[in-house]
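The block underneath contains the structure these notes are about, expressed in structure tokens.
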Amino acid sequence: MEKVILVTGANSGIGLALCERLLCEDSRLQLCLACRNMQRAEAARSALLTSHPDAHIDLLHLDVGSVRSVLHAAHKVKARYNRLDYLYLNAGIMPNPQIDIKAFFKGLFSSNVVKMFATAEGLLTQQDRVNKDGLQEVFATNLFGHFVLVRELDSILCQAGQTSRVVWTSSSNARRSAFSLEDVQHRLGTEPYASSKYASDLISLALNRHNNSQGLYSSVICPGLVMTNLTYGILPSFFWTLIMPIMYLIRIFTHTFTLTPYNGAGALSPWIRGQSITV
Ligand SMILES: NC(=O)C1=CN([C@@H]2O[C@H](COP(=O)(O)OP(=O)(O)OC[C@H]3O[C@@H](n4cnc5c(N)ncnc54)[C@H](OP(=O)(O)O)[C@@H]3O)[C@@H](O)[C@H]2O)C=CC1
Ligand SMILES: CC(C)CCC[C@@H](C)[C@H]1CC[C@H]2C3=C(CC[C@]12C)[C@@]1(C)CCC(=O)[C@@H](C)[C@@H]1CC3
């Protein structure tokens, strides 16, 4: 039977590039694009079918930031498929990012410059808000909705005699000091993105501890700095294009500047060949 793979946030950026790469590896896959906007999902499906006309691509409505939507989507997945080989938890947001220009120039002339470019430590803050479920939006989207999805799908992820993988798109921006057990949603701080990514690293460890014996394996991957809608929210796309030569220069010093969604997705797709990778 063909592998069944579900990708959240599959309609753009790294998620879409991942789908493209997965189909290049195995065009017989059963791919499910889980997206909140069905028009964009349909456009992504058409784009993938252009390069892989015989591909099996389903769409699933999923707003990972809404518990109700996650429960409904999980129910549909279980009705549609009797197995799930790979679950890519990729959807993510970074709302209202602000760069600390002073910290950037200070970091530029310090011994920490490479680390600064690789992790953005101390450079970025975001303005979060409370969503309809009463949760912090970044926490709900990047972490909690995905966690609920995994829990709801455990009957098809943890099946006897079968191995399933959960792969979180995490980030080198994940930082322990941004996360607190007293404030897991990061209501009080200004780095909800770093906190949510660190929390996803922790959840992945916990999933392994609890579910490896049932054949479920969880991993976290950072795709590197990639030009997507998320990064175009930090600086406008024309500015990124303008500084592209500088970015290629920085790439000499840090392998984290992967820059294209295709390169970034490369860190996520080898899993389907069963290869182990170093990050
Ligand atoms: N770009 C980068 O440099 C890096 C990105 N990442 C991570 O990679 C992942 C993908 O981001 P990237 O491709 O860069 O950015 P994009 O903004 O291009 O992609 C994000 C995807 O997530 C979807 N999404 C956002 N919120 C929700 C939601 N509530 N429900 C369902 N889908 C949602 C978006 O859908 P829609 O089109 O409807 O908004 C979109 O498809 C994220 O988790 C991000 O944190 C990690 C490290 C670096
Ligand atoms: C390169 C230019 C001359 C100046 C760009 C400065 C900053 C805008 C970037 C330097 C490091 C970047 C970075 C990210 C965003 C843009 C920078 C702060 C991320 C936080 C984007 C999202 C992620 O998940 C991380 C992996 C990125 C880490 C590096």
*Scope the stretch 71-104; condition surrounded by 16 or more Cβ atoms within 10 Å (Cβ to Cβ) and in contact with a Phe, Trp or Tyr (Cβ under 9 Å, 6 or more places away or on another chain); matching residues*: Tyr86, Tyr88, Leu89, Asn90, Gly92, Ile93, Met94, Pro97
*Working only within the stretch 114-158, note down all residues that are part of a helix (DSSP H, G or I), touching a residue at least 40 places away in the same chain (Cβ under 8 Å) and either acidic (Asp, Glu) or away from ligand 1 (no atom under 16 Å from the Cβ) (or both).*
Val114, Glu137, Glu152, Asp154, Ser155, Ile156, Leu157
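Give His61, His56 a once-over and let me know the one that is at pLDDT 95 or above, open to solvent by 60 Å² or more (accessible area, probe 1.4 Å), closer than 18 Å to Lys3 by Cβ and not aromatic (Phe, Trp, Tyr).
His56
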_When residues of the stretch 181-190 are limited to those that are open to solvent by 40 Å² or more (accessible area, probe 1.4 Å) and part of a loop (DSSP other than H, G, I, E, B), the one nearest to Leu89 (Cα to Cα)_ = Val184
*Among the residues of the stretch 1-17 satisfying the criterion of being more than 14 Å from Ser46 (Cα to Cα) and away from ligand 2 (no atom under 15 Å from the Cβ), which is modelled with the lowest pLDDT?*
Met1
*Answer from Ser27, Ser51 - the residue that is more than 24 Å from His146 (Cα to Cα), touching a residue at least 24 places away in the same chain (Cβ under 8 Å) and surrounded by 14 or more Cβ atoms within 10 Å (Cβ to Cβ)*: Ser27
*Do you know which residues across the stretch 9-38 are within 15 Å of ligand 1 (Cβ to nearest atom) and not in a helix (DSSP H, G or I)?*
Gly9, Ala10, Asn11, Ser12, Leu31, Cys32, Leu33, Ala34, Cys35, Arg36, Asn37
*asked:* Let me confirm something: among Arg209, Arg251, which residue is at pLDDT 95 or above, open to solvent by 30 Å² or more (accessible area, probe 1.4 Å) and basic (Lys, Arg)?
replied: Arg209
*Only one of Ser204, Ser195 that is within 14 Å of ligand 2 (Cβ to nearest atom), over 25 Å from Ile250 (Cβ atoms), assigned to a helix (DSSP H, G or I) and open to solvent by less than 40 Å² (accessible area, probe 1.4 Å)*: Ser195
_Verdict on Thr228 being among the polar types (S, T, N, Q), in contact with a Ser or Thr (Cβ under 9 Å, 6 or more places away or on another chain) and crowded, with 17+ Cβ neighbours inside 10 Å_ = yes
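The values are calculated or read from the model by the stated rules, or taken from the named source; none is laboratory data. Because the structure is predicted, anything quoted here is derived from the model rather than measured. Note that each Cβ is placed from the backbone with ideal geometry, even for glycine, and that neighbours are counted across all protein chains shown. Accessible surface areas use protein heavy atoms only, side chains included; no ligands, DNA or RNA. Shrake-Rupley method; radii C 1.70, N 1.55, O 1.52, S 1.80 Å.
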